[in-house]
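First the structure, in the form of C-alpha coordinates, and then the observations on it.
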Amino acid sequence: MTAAAPLSVRPLGAIAPEEGTGPPLVLLHAFPLDSRMWAPVTDQLARLAPGLAVVLVDAPGFGASQVRAGGLDVAATGVLDALGELRVRRAVVAGLSMGGYLAMALAERAPHLVAGIGLLNTKSSADGAEARERRLRMASTAERGEDPAVGAMADALVGETTRRDRPAVLAHVRALLAQAPAPGIVWAQRAMAARPDRTSALASLGGSVAALVLHGGEDSLMSDADAELMAQALGTDVLTLSDVGHLSALEDPVGVAHALLELHRRSR
Ligand code: MLT
(Lines give C-alpha, C1' and ligand atoms only; values in the text may rest on other atoms or scores of the structure.)
Protein backbone atom coordinates (compact mmCIF):
# COMPACT_ATOMS: atom_id res chain seq x y z
CA MET A 1 0.00 0.00 0.00
CA THR A 2 1.32 3.47 -0.84
CA ALA A 3 0.60 6.53 1.28
CA ALA A 4 -0.67 8.63 -1.60
CA ALA A 5 -3.17 6.94 -3.91
CA PRO A 6 -2.33 7.33 -7.60
CA LEU A 7 -5.73 8.35 -8.85
CA SER A 8 -7.06 8.11 -12.36
CA VAL A 9 -7.41 11.53 -13.94
CA ARG A 10 -8.90 12.27 -17.33
CA PRO A 11 -8.01 15.64 -18.82
CA LEU A 12 -10.52 16.97 -21.36
CA GLY A 13 -8.96 19.60 -23.56
CA ALA A 14 -5.37 20.80 -23.50
CA ILE A 15 -4.00 21.67 -20.06
CA ALA A 16 -2.13 24.92 -20.59
CA PRO A 17 -1.66 26.39 -17.13
CA GLU A 18 -1.70 30.17 -16.89
CA GLU A 19 -2.38 30.61 -20.58
CA GLY A 20 -5.42 31.41 -22.66
CA THR A 21 -8.27 29.61 -20.99
CA GLY A 22 -7.06 30.01 -17.39
CA PRO A 23 -6.68 27.36 -14.71
CA PRO A 24 -8.21 23.96 -15.37
CA LEU A 25 -11.50 23.01 -13.78
CA VAL A 26 -11.11 19.88 -11.65
CA LEU A 27 -14.36 17.96 -11.08
CA LEU A 28 -14.77 15.53 -8.18
CA HIS A 29 -17.68 13.10 -8.17
CA ALA A 30 -20.35 12.02 -5.68
CA PHE A 31 -20.73 8.69 -3.85
CA PRO A 32 -21.12 5.97 -5.11
CA LEU A 33 -20.75 7.20 -8.67
CA ASP A 34 -17.58 7.97 -10.62
CA SER A 35 -16.27 10.66 -12.93
CA ARG A 36 -18.74 9.61 -15.66
CA MET A 37 -21.45 11.39 -13.70
CA TRP A 38 -20.04 14.70 -14.97
CA ALA A 39 -20.63 13.85 -18.67
CA PRO A 40 -23.85 15.91 -18.98
CA VAL A 41 -22.03 18.92 -17.48
CA THR A 42 -18.86 18.53 -19.55
CA ASP A 43 -21.00 18.29 -22.69
CA GLN A 44 -22.47 21.67 -21.77
CA LEU A 45 -19.04 23.12 -20.92
CA ALA A 46 -17.68 22.00 -24.30
CA ARG A 47 -20.57 23.83 -25.96
CA LEU A 48 -20.44 26.97 -23.82
CA ALA A 49 -16.69 27.30 -23.37
CA PRO A 50 -14.78 25.34 -26.01
CA GLY A 51 -11.13 25.06 -25.00
CA LEU A 52 -11.77 25.15 -21.27
CA ALA A 53 -9.50 22.55 -19.69
CA VAL A 54 -11.39 20.14 -17.45
CA VAL A 55 -9.82 17.39 -15.35
CA LEU A 56 -12.03 14.51 -14.20
CA VAL A 57 -10.84 12.49 -11.23
CA ASP A 58 -12.01 9.08 -9.98
CA ALA A 59 -11.90 8.67 -6.19
CA PRO A 60 -10.11 5.57 -4.83
CA GLY A 61 -11.96 2.39 -5.75
CA PHE A 62 -14.18 4.11 -8.34
CA GLY A 63 -13.90 4.29 -12.12
CA ALA A 64 -10.30 3.61 -13.09
CA SER A 65 -8.77 4.42 -9.67
CA GLN A 66 -7.38 1.70 -7.42
CA VAL A 67 -8.24 1.60 -3.75
CA ARG A 68 -5.37 2.67 -1.52
CA ALA A 69 -5.05 2.89 2.25
CA GLY A 70 -6.19 6.12 3.89
CA GLY A 71 -9.13 8.45 3.79
CA LEU A 72 -9.99 11.74 2.15
CA ASP A 73 -6.63 13.32 3.03
CA VAL A 74 -4.77 10.56 1.22
CA ALA A 75 -7.16 10.89 -1.72
CA ALA A 76 -6.48 14.66 -1.74
CA THR A 77 -2.76 13.92 -1.94
CA GLY A 78 -3.53 11.56 -4.82
CA VAL A 79 -5.35 14.35 -6.67
CA LEU A 80 -2.47 16.76 -5.99
CA ASP A 81 0.08 14.24 -7.29
CA ALA A 82 -1.97 13.65 -10.43
CA LEU A 83 -2.33 17.39 -11.02
CA GLY A 84 1.42 17.76 -10.45
CA GLU A 85 2.05 15.22 -13.20
CA LEU A 86 -0.12 17.33 -15.49
CA ARG A 87 1.97 20.38 -14.40
CA VAL A 88 -1.09 22.11 -12.99
CA ARG A 89 -0.09 24.72 -10.40
CA ARG A 90 -3.45 26.44 -9.97
CA ALA A 91 -6.91 24.97 -10.49
CA VAL A 92 -10.56 25.63 -9.90
CA VAL A 93 -11.63 22.65 -7.81
CA ALA A 94 -15.29 21.69 -7.68
CA GLY A 95 -16.88 18.70 -6.00
CA LEU A 96 -20.39 17.39 -5.56
CA SER A 97 -21.30 15.86 -2.21
CA MET A 98 -18.45 13.37 -1.48
CA GLY A 99 -16.54 15.27 -4.17
CA GLY A 100 -17.08 18.38 -2.07
CA TYR A 101 -15.62 16.64 0.99
CA LEU A 102 -12.59 15.80 -1.14
CA ALA A 103 -12.36 19.35 -2.52
CA MET A 104 -12.33 20.71 1.06
CA ALA A 105 -9.62 18.22 2.10
CA LEU A 106 -7.58 19.30 -0.90
CA ALA A 107 -8.08 23.01 -0.19
CA GLU A 108 -6.98 22.51 3.41
CA ARG A 109 -3.87 20.65 2.29
CA ALA A 110 -2.89 22.86 -0.66
CA PRO A 111 -4.59 26.27 -0.48
CA HIS A 112 -1.94 27.67 -2.86
CA LEU A 113 -3.30 25.43 -5.64
CA VAL A 114 -6.88 26.58 -5.32
CA ALA A 115 -7.81 29.48 -7.59
CA GLY A 116 -11.49 28.82 -6.95
CA ILE A 117 -13.62 26.32 -5.07
CA GLY A 118 -17.02 24.95 -6.02
CA LEU A 119 -19.02 23.11 -3.37
CA LEU A 120 -22.15 21.51 -4.78
CA ASN A 121 -24.75 19.63 -2.71
CA THR A 122 -22.29 19.09 0.10
CA LYS A 123 -21.52 20.18 3.65
CA SER A 124 -18.50 21.16 5.71
CA SER A 125 -19.65 19.59 8.99
CA ALA A 126 -18.65 16.11 10.17
CA ASP A 127 -21.10 13.23 10.65
CA GLY A 128 -22.91 12.62 13.90
CA ALA A 129 -22.51 9.26 15.65
CA GLU A 130 -25.58 7.69 14.03
CA ALA A 131 -24.60 8.62 10.47
CA ARG A 132 -21.08 7.36 11.12
CA GLU A 133 -22.45 4.04 12.38
CA ARG A 134 -24.64 3.70 9.27
CA ARG A 135 -21.64 4.28 7.02
CA LEU A 136 -19.48 1.76 8.85
CA ARG A 137 -22.27 -0.80 8.66
CA MET A 138 -22.57 -0.33 4.89
CA ALA A 139 -18.78 -0.60 4.50
CA SER A 140 -18.73 -3.89 6.45
CA THR A 141 -21.66 -5.25 4.41
CA ALA A 142 -19.90 -4.46 1.13
CA GLU A 143 -16.62 -5.84 2.47
CA ARG A 144 -18.29 -9.16 3.33
CA GLY A 145 -19.46 -9.38 -0.28
CA GLU A 146 -23.10 -8.80 0.66
CA ASP A 147 -25.39 -6.33 -1.11
CA PRO A 148 -24.86 -2.83 0.33
CA ALA A 149 -28.20 -1.84 -1.26
CA VAL A 150 -26.97 1.37 -2.87
CA GLY A 151 -29.61 0.90 -5.58
CA ALA A 152 -32.22 1.90 -3.02
CA MET A 153 -30.59 5.34 -2.83
CA ALA A 154 -31.80 6.43 -6.28
CA ASP A 155 -35.05 8.05 -5.17
CA ALA A 156 -33.32 9.99 -2.39
CA LEU A 157 -30.50 11.18 -4.64
CA VAL A 158 -32.74 13.04 -7.06
CA GLY A 159 -35.43 15.58 -6.30
CA GLU A 160 -39.18 15.22 -6.68
CA THR A 161 -39.16 17.15 -10.00
CA THR A 162 -36.67 14.68 -11.46
CA ARG A 163 -38.63 11.71 -10.11
CA ARG A 164 -41.74 13.11 -11.79
CA ASP A 165 -40.50 14.80 -14.97
CA ARG A 166 -37.06 13.45 -15.86
CA PRO A 167 -37.42 9.66 -16.14
CA ALA A 168 -34.30 9.35 -18.30
CA VAL A 169 -32.20 11.02 -15.59
CA LEU A 170 -33.59 8.73 -12.90
CA ALA A 171 -32.94 5.69 -15.12
CA HIS A 172 -29.36 6.90 -15.69
CA VAL A 173 -28.81 7.32 -11.95
CA ARG A 174 -30.15 3.81 -11.33
CA ALA A 175 -27.80 2.42 -14.00
CA LEU A 176 -24.80 4.16 -12.41
CA LEU A 177 -25.78 2.92 -8.94
CA ALA A 178 -26.05 -0.64 -10.27
CA GLN A 179 -22.38 -0.40 -11.26
CA ALA A 180 -21.12 0.96 -7.92
CA PRO A 181 -18.01 -1.07 -7.05
CA ALA A 182 -17.78 -2.74 -3.62
CA PRO A 183 -14.13 -1.67 -2.99
CA GLY A 184 -15.08 1.95 -3.67
CA ILE A 185 -18.11 1.73 -1.38
CA VAL A 186 -15.94 0.33 1.42
CA TRP A 187 -13.26 2.98 0.95
CA ALA A 188 -15.67 5.90 0.63
CA GLN A 189 -17.93 5.07 3.56
CA ARG A 190 -14.95 4.69 5.90
CA ALA A 191 -13.31 7.83 4.51
CA MET A 192 -16.50 9.89 4.87
CA ALA A 193 -17.15 8.52 8.38
CA ALA A 194 -13.69 9.68 9.44
CA ARG A 195 -13.80 13.15 7.91
CA PRO A 196 -13.47 16.12 10.27
CA ASP A 197 -15.47 19.34 10.27
CA ARG A 198 -13.83 21.57 7.65
CA THR A 199 -15.79 24.77 8.19
CA SER A 200 -12.76 26.55 9.64
CA ALA A 201 -10.62 25.42 6.68
CA LEU A 202 -13.16 27.14 4.44
CA ALA A 203 -13.10 30.24 6.61
CA SER A 204 -9.34 30.48 6.23
CA LEU A 205 -9.79 30.38 2.43
CA GLY A 206 -12.65 32.87 2.63
CA GLY A 207 -12.10 36.05 0.64
CA SER A 208 -8.86 34.85 -0.96
CA VAL A 209 -10.47 32.56 -3.55
CA ALA A 210 -13.56 32.72 -5.71
CA ALA A 211 -16.22 30.41 -4.31
CA LEU A 212 -19.44 28.77 -5.41
CA VAL A 213 -21.83 27.12 -2.97
CA LEU A 214 -24.60 25.42 -4.91
CA HIS A 215 -27.64 23.87 -3.26
CA GLY A 216 -30.51 21.87 -4.71
CA GLY A 217 -33.89 23.21 -3.59
CA GLU A 218 -35.16 19.60 -3.43
CA ASP A 219 -32.02 18.07 -1.90
CA SER A 220 -33.14 15.77 0.89
CA LEU A 221 -29.58 14.88 1.94
CA MET A 222 -28.04 18.35 2.39
CA SER A 223 -29.94 21.15 4.10
CA ASP A 224 -30.23 24.89 3.45
CA ALA A 225 -28.34 25.37 6.72
CA ASP A 226 -25.45 23.17 5.49
CA ALA A 227 -25.12 25.34 2.38
CA GLU A 228 -25.49 28.58 4.37
CA LEU A 229 -22.72 27.57 6.78
CA MET A 230 -20.24 26.96 3.94
CA ALA A 231 -21.25 30.16 2.15
CA GLN A 232 -20.76 32.24 5.31
CA ALA A 233 -17.34 30.68 5.90
CA LEU A 234 -16.32 31.49 2.33
CA GLY A 235 -17.89 34.95 2.26
CA THR A 236 -20.27 34.19 -0.58
CA ASP A 237 -23.97 33.59 -1.21
CA VAL A 238 -25.72 30.27 -1.79
CA LEU A 239 -26.87 29.61 -5.33
CA THR A 240 -30.03 27.47 -5.17
CA LEU A 241 -31.26 25.54 -8.19
CA SER A 242 -34.88 25.23 -7.18
CA ASP A 243 -36.08 22.11 -9.02
CA VAL A 244 -33.17 19.78 -8.43
CA GLY A 245 -32.29 17.37 -5.64
CA HIS A 246 -28.92 16.04 -4.54
CA LEU A 247 -27.46 15.16 -7.95
CA SER A 248 -27.64 18.63 -9.45
CA ALA A 249 -25.02 17.82 -12.09
CA LEU A 250 -27.27 15.14 -13.54
CA GLU A 251 -30.60 16.85 -12.89
CA ASP A 252 -29.73 20.31 -14.26
CA PRO A 253 -26.44 20.08 -16.16
CA VAL A 254 -27.09 23.38 -17.95
CA GLY A 255 -27.58 25.26 -14.66
CA VAL A 256 -24.53 23.59 -13.12
CA ALA A 257 -22.35 24.28 -16.19
CA HIS A 258 -23.30 27.97 -16.10
CA ALA A 259 -22.55 28.16 -12.36
CA LEU A 260 -19.15 26.50 -12.83
CA LEU A 261 -18.27 28.79 -15.72
CA GLU A 262 -19.16 31.84 -13.65
CA LEU A 263 -16.95 30.49 -10.84
CA HIS A 264 -14.17 29.92 -13.34
CA ARG A 265 -14.53 33.45 -14.70
CA ARG A 266 -14.29 34.91 -11.17
CA SER A 267 -11.23 32.73 -10.44
CA ARG A 268 -9.11 34.16 -13.22
C1 MLT B 1 -22.78 11.70 -2.03
O2 MLT B 1 -23.67 11.99 -2.83
O3 MLT B 1 -21.58 11.78 -2.35
C4 MLT B 1 -23.16 11.21 -0.67
O5 MLT B 1 -24.51 11.50 -0.44
C6 MLT B 1 -22.30 11.84 0.37
C7 MLT B 1 -22.58 11.34 1.73
O8 MLT B 1 -22.95 10.16 1.90
O9 MLT B 1 -22.39 12.11 2.68
**Study point:** Restricting the range 124-152 to residues that are part of a helix (DSSP H, G or I) and at pLDDT below 95, the residue that is least open to solvent (accessible area, probe 1.4 Å)
**Key:** VAL150
Review point. Does LEU157 count as within 11 Å of the ligand (Cβ to nearest atom), open to solvent by less than 10 Å² (accessible area, probe 1.4 Å) and modelled with pLDDT of 95 or more?
Key: yes
Exercise for review: Quick one: count up the residues across the range 213-258 that are open to solvent by 10 Å² or more (accessible area, probe 1.4 Å), over 17 Å from LEU157 (Cα atoms) and away from the ligand (no atom under 16 Å from the Cβ).
Suggested key: 11
Practice item. Would you be able to say whether some residue in the range 179-200 is over 30 Å from GLU146 (Cβ atoms) and assigned to a loop (DSSP other than H, G, I, E, B)? Key: yes
**Study point:** Contacts under 6 angstrom Cβ, first residue in the range 183-200 being farther than 13 Å from ALA75 by Cα and open to solvent by 20 Å² or more (accessible area, probe 1.4 Å), partner within 13 Å of the ligand (Cβ to nearest atom) and outside any helix (DSSP H, G or I), 6 or more apart
**Key:** PRO196/ALA126; ASP197/SER125; ASP197/ALA126; THR199/SER124
Point to revise | Yes/no for ALA193 being at negative phi and either within 16 Å of the ligand (Cβ to nearest atom) or modelled with pLDDT of 95 or more (or both) | key: yes
**Study point:** Meets criteria (within 13 Å of the ligand (Cβ to nearest atom), touching a residue at least 24 places away in the same chain (Cβ under 8 Å) and farther than 14 Å from LEU260 by Cα) for ALA126
**Key:** yes
Exercise for review: Could you grab me the full set of residues in the range 150-175 that are farther than 26 Å from ASP226 by Cα and hydrophobic (A, V, I, L, M, F, W, C)?
Suggested key: ALA168, ALA171, ALA175
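The values are calculated or read from the model by the stated rules, or taken from the named source; none is laboratory data. If you're wondering where the values come from, they're calculated on a predicted model, not measured in any experiment. In this analysis, Cβ positions are derived from the backbone assuming ideal geometry, glycine residues included, and neighbour counts consider all displayed protein chains. To get the accessible areas, we keep the full protein, side chains included, count just its heavy atoms, and leave off ligands, DNA and RNA. Shrake-Rupley method; radii C 1.70, N 1.55, O 1.52, S 1.80 Å.
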